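These notes are about the structure you will find just below.
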Amino acid sequence: MNKFENVYQDAVLMRRVLLGEADEAEQQELEKRLEECPELRKIYIQLQDGGTLSAAFKERQKYSSRKAYRSFLQKIGQVEPKGQRRRSLRIGWYIAAAVIILAIGLSFYVSNYTSPEKENKTLIQPGTQQAQLTLTDGSVIDVDKKEVNVVVDGILVKYKEGVLSYQTTAATQHEEKNVEEQPEKSNELVIPRGGENTVILADGTTVHLNAGSKLTYPVRFTGKRRIVALEGEAYFDVVENEEHPFVVQTRFGEVTVLGTAFNVNAYTNASACYTTLVRGKVQFSAPNTEVITLLPGEQAIVSANGLEKRAVDLEEYVGWVEGLYVFNNRSLGEIMETFERWYDIQVYYETENLRNITYSGSLKRYGTINSFLEALELTGDLTYKISGRNILIYGSTMKEAE
């Protein structure tokens, strides 16, 4: 049972303990859960303040669950007053548990808010390790379905446990490096929607590729520069070599480095490219613009408006590599574009204005999208339906008691 699936159990335990209805075994079980989950303990402590929670439960029949939920959250300072469209949405499972408790009675919430079809809802699973490799001779290999262990242009190419690697053999270690680049001797690694993969290039550079991306790179680097081409998003951990700079080319411009770690988001259908530096130093250049040098924690953005640099929260832009999506005041449209690629889904909106509602929060990359959708719905802004791999988002039409 994953953390989000514990929501109902945790909610019941906290409600019974707070109202003095729990027996000794239930109290011990709750204490065990609080020891395991510090975030849950923080919520539990907040909910012990006075008789507000008990009174709210006793009066639940006077309110709709949504109205009581909003009112109670405002009393303890957890959300902004009704009328403000910007929400601070904490998407973690423990917040979902608190929401259920604060919805003024778990039983009332389940019977009045959760429809039978959503109790049996379809779970949309996250992406998996998959990729399609095109070799220099034009042959194509689905690396997640077929063993890869071949020698290409003197380089041993292997695939194991989600990592494609290029290993220089003894015969190629002493070849001349200061010749012109030979892009025609390139491999192409394509990551489909709903996929991810990692490739270790012949120079030892590691590239983590996100869903819907393509990396074109030489089997071995033989030129003065180590050049690769990217469409989509990738995190690069580049092996340092001052004599042979590493260059990432995109349709927006190119990033030049010696040895560093950085993230590039340059999807073909996007209106802007984001290059975010984690460590080291890089230069970003684009046609008809000046060259920008980035230091750790800085990001270069190139769009139709030109090229700019800004300081950013690194976790928001590179957290996906460590298994966490972080959103700070991001529109629902932007968030869902990310999820469309990762979960291989299509999102439709009842009205365009729903795309513009902004949220802040985080979501574990390897969990189902359902926990995110449930938390979204509980804000009162919207509701949703799942049909196959399509998600339909509607404005909230639930009626509240006066």
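Applying the Karplus relation 6.51 cos²θ - 1.76 cosθ + 1.60 with θ = phi - 60° to the range 209-217 yields 3J(HN,Hα) values of 9, 8, 4, x, 10, 9, 10, 10, 7 Hz, where x marks Gly and Pro. What the Cα atoms of the range 128-312 give is an Rg and a Dmax of 16.1, 49 Å.
Backbone geometry of the range 268-274 corresponds, through the Karplus equation with coefficients 6.51, -1.76 and 1.60 at θ = phi - 60°, to 3J(HN,Hα) couplings of 4, 8, 8, 8, 8, 10, 10 Hz, x marking Gly and Pro.
Ranked by how many other Cβ atoms sit within 10 Å of their own Cβ, fewest first, the residues Arg220, Arg41, Arg251 fall in the order Arg251, Arg41, Arg220. Length gained on full extension, Thr122 to Ser331: 72.8 nm, using 0.36 nm per residue less the C-alpha separation. In µm²/s, what is D for the range 263-402 at 20 °C and 1.002 mPa s, where D = kT/(6 pi eta Rh) by Stokes-Einstein and Rh is the Kirkwood radius from Cα pairs? D, rounded to a whole number, is 127 µm²/s.
Kirkwood hydrodynamic radius computed over the range 265-342 comes to 13.6 Å, based on all pairs of distinct alpha carbons.
By how many nm would the segment from Val151 to Thr206 grow when fully extended, if each residue of separation counts as 0.36 nm and the alpha-carbon distance is taken off?
Taking Val151 through Thr206 to full extension adds about 17.9 nm, to one decimal.
Working from label points 7 Å from Cα in the Cα-to-Cβ sense, the Gln167 to Arg389 distance is 3.5 nm.
Under 8 Å for C-alpha pairs, at least 6 residues apart: give me the relative contact order for the range 205-252, rounded to a whole percent.
43 percent
With R₀ fixed at 25 Å, the C-beta to C-beta distance from Glu188 to Leu324 puts the FRET efficiency at about 0.30.
Every number in this text was worked out from the coordinates using simple rules, so none of it is lab data. None of these values were measured; they are calculated from a predicted model. Here the Cβ is made from the backbone with ideal geometry for all residues, glycine too, and neighbour counts use every protein chain on show.
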